[in-house]
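Data first, discussion second: the structure below is written as structure tokens.
The values are calculated or read from the model by the stated rules, or taken from the named source; none is laboratory data. Being a predicted model, the structure only gives us computed values, none of them experimental. All Cβ positions, glycine included, derive from the backbone under ideal geometry; neighbour counts span all protein chains shown. All accessible areas refer to the heavy atoms of the entire protein, side chains included, with ligands and DNA or RNA removed. Shrake-Rupley method; radii C 1.70, N 1.55, O 1.52, S 1.80 Å.
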Amino acid sequence: MWIISKTLQSTLLVTLASLAIFACSYQFPENPAIEPVNSDQADFSNTIFIGSSILSGYMDGALYNESEPFGVSNLIANQINLSSDREFNYPKIESEFGLNTFLTTGTSNVGRFELGYLDSQSQRVTKLLQYNQGGGLTQSSEPLSSFQALNIPRFRAVHLNEPGIFNNQYANRFGQSLTNSSLVDFAISQNPSFIVFDPGYEDVLGYAMAGGEGSLNPSGDLASYSKSDATPTHIFEAKLQSSIQKLFSSANTKGIILTIPDFIDFPYFQYFRYDITPFVSNSQLPRNRNYVAAFNEVILAYNQLPSTPVNERRPTLDFAEDRRGNWGVVITDNNLPPIQNVALVINGKDTVVSVPSIRHMTFEDYLVWDIDIQLGQGDLGLPLNPIPDYKILTKTEALLVKERIAAYNEIINRLANANQNLRVVDFYQKSKDFHEGRNRFLELAPPGETINGVLINSTVVENGAFSADGIHFNPRGNAWISNFIISRINSMYGSNIRSLDVNAYRSNYFTLGF
């Protein structure tokens, strides 16, 4: 026990009294005033945001209470309004776990993805949460014309200027009947001074996420498209042109439009390397090797037929030795020449055979995000149970997606350059720079960026910019995007919008041992 003498006690009291007198007389410096946002080329007093998932705060496969405030719209609007008392209004989701548009069907309500590890040594797995049983998404009672954030996850560019095309659960949170008006109409009704426009992200995303199972050029009206269909290029151009003409018809309305990033670079497609070796047990090998031996006999006989063109010869399967990189995941590839009821000579005997259209995955193919937690189970990914076509984006399909993104971006640039009130923010190139350095064959990940001494990279794990769904950004990633947009606005319009501290925003939550 400490014992303080009376003399020391008196000394301490005198010292404390002196400090108290000094503290009362000390003048603490005032916080520096935040300079108002200004520009001699643009007016940000009534800034409207119109787009889809990236602007809205959609992450982890859902839009939910915690994610919505971290949408790009909110982050940028907060910086614009730092020195003012203006409010930024958006429809509150009022759902703890949101509605997972990756997995929710008409009969099931599934909440956001969460990341976790079964143990400290395991691969990444995903955990699903059911959202609250009390109901789904709360509908707003405020008029749609009062919202400055007009963003709907999974909404295509072609939907933005179309009344009546609102078969989307997240559109319903606006609580309005949009039979006679579109989002563009409601944006115009507010007489916007500045518009941040992000169209096109969803117009081919669903096609890619479904492994190219949909149609790149569906026919019929927009309402008939499935979520795995892409938007035909000519329809994309016509609908986007009409939106731009309406939104920027006033000489007093300025704005920016974002190009579409190449999301094939994102973890949803890049996470899994292609080697199934870590997922195979010794007990699975004999039966799969027996199947491979019979399968390869058919393929070799088919390839030797004089009627088989060189470019239609089929690859064999190889599970002969356990060496890393040798056993690519076995996938279904419907682009392979079919072998159905073909007459062959095998081991000197005439026979009629059929084999499935399967092959090994290569580093130029892409498995979809959550398939790795199922690999090896029930021989999935092995010759006896190949990955279905809708769970993989082949090299050919990936090139089609990239070509479509390039076509959309060419349209965005051309239409924006024809409008003197609209400037292009090239998010495509920014994203490419962010992913520069990846080599899937050599297993080299892109290095990312260092911001104030802290790394941010294109992963979902530590320092990652992406959320648990692998295709949308987490709060830290959204702050990174927001800063890029702010810097481009400042550069193009001579403004002084303050940037965000990216490192002040969280990445992802993780759970161990679920």
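Taking Q41, is it closer than 30 Å to P267 by Cβ, surrounded by fewer than 24 Cβ atoms within 10 Å (Cβ to Cβ), touching a residue at least 60 places away in the same chain (Cβ under 8 Å) and not hydroxyl-bearing (S, T, Y)?
Values: closer than 30 Å to P267 by Cβ: no; surrounded by fewer than 24 Cβ atoms within 10 Å (Cβ to Cβ): yes; touching a residue at least 60 places away in the same chain (Cβ under 8 Å): yes; not hydroxyl-bearing (S, T, Y): yes.
No, not satisfied.
For segment 135-173, filtering for residues that are at pLDDT below 70 and among the hydrophobic types (A, V, I, L, M, F, W, C) leaves 4. Among residues of segment 491-506 that are touching a residue at least 60 places away in the same chain (Cβ under 8 Å), those with a beta-carbon under 8 Å from a residue that is open to solvent by 70 Å² or more (accessible area, probe 1.4 Å) and outside any loop (DSSP other than H, G, I, E, B) at least six positions away or on a different chain give the pairs M492/R423; Y493/R423. Considering only segment 464-495, state which residues are open to solvent by 40 Å² or more (accessible area, probe 1.4 Å) and among the polar types (S, T, N, Q). Across segment 464-495, the qualifying residues are S487, S491. I489 falls short on exactly one of the conditions (1) within 22 Å of G111 (Cβ to Cβ); (2) not in a loop (DSSP other than H, G, I, E, B), and that condition is (1).
Which one of these is among the β-branched types (V, I, T), under 20 Å from the mean Cα position of the chain (by Cα) and at pLDDT 90 or above: I264, I256? Criteria check complete, one pass: I264. Of the helices (runs of 4 or more DSSP H) lying entirely inside segment 226-323, those containing at least 3 residues that are surrounded by 16 or more Cβ atoms within 10 Å (Cβ to Cβ) and of a type in the set (A, V, I, L, M) span 233-247, 285-303. So how many residues does segment 437-459 have that are surrounded by 11 or more Cβ atoms within 10 Å (Cβ to Cβ) and either under 21 Å from the mean Cα position of the chain (by Cα) or among the aliphatic types (A, V, I, L, M) (or both)? Counting residues in segment 437-459 that are surrounded by 11 or more Cβ atoms within 10 Å (Cβ to Cβ) and either under 21 Å from the mean Cα position of the chain (by Cα) or among the aliphatic types (A, V, I, L, M) (or both) gives 15.
Looking at L82, is it in a strand (DSSP E or B), modelled with pLDDT of 80 or more and of a type in the set (A, V, I, L, M, F, W, C)? When the stated conditions are applied, L82 does not pass them. In segment 436-448, the residues that are farther than 16 Å from E364 by Cα reach residues that are among the charged types (D, E, K, R) with C-beta atoms within less than 9 angstrom, at least six apart or across chains, in these pairs: P446/D265; P446/E436; P446/R438; P447/E436. If you go through segment 189-224 and keep only what is touching a residue at least 40 places away in the same chain (Cβ under 8 Å) and not in a loop (DSSP other than H, G, I, E, B), you end up with F194, I195, V196, F197, D198, L205, G206, Y207, A208, M209, L222, A223. Of all positions in segment 374-381, at least one carries a residue that is among the small types (G, A, S), more than 25 Å from D229 (Cα to Cα), touching a residue at least 60 places away in the same chain (Cβ under 8 Å) and out of contact with any Gly (no Cβ under 9 Å at 6 or more places or on another chain). If you go through segment 401-414 one residue at a time, do you hit one that is over 19 Å from E237 (Cα atoms) and open to solvent by 10 Å² or more (accessible area, probe 1.4 Å)? Checked against the condition, which is being over 19 Å from E237 (Cα atoms) and open to solvent by 10 Å² or more (accessible area, probe 1.4 Å), segment 401-414 yields no hits at all.
Which of the residues belonging to segment 220-248 are small (G, A, S) and at pLDDT 90 or above?
Passing the criteria: S228, A230, A238, S242, S243.
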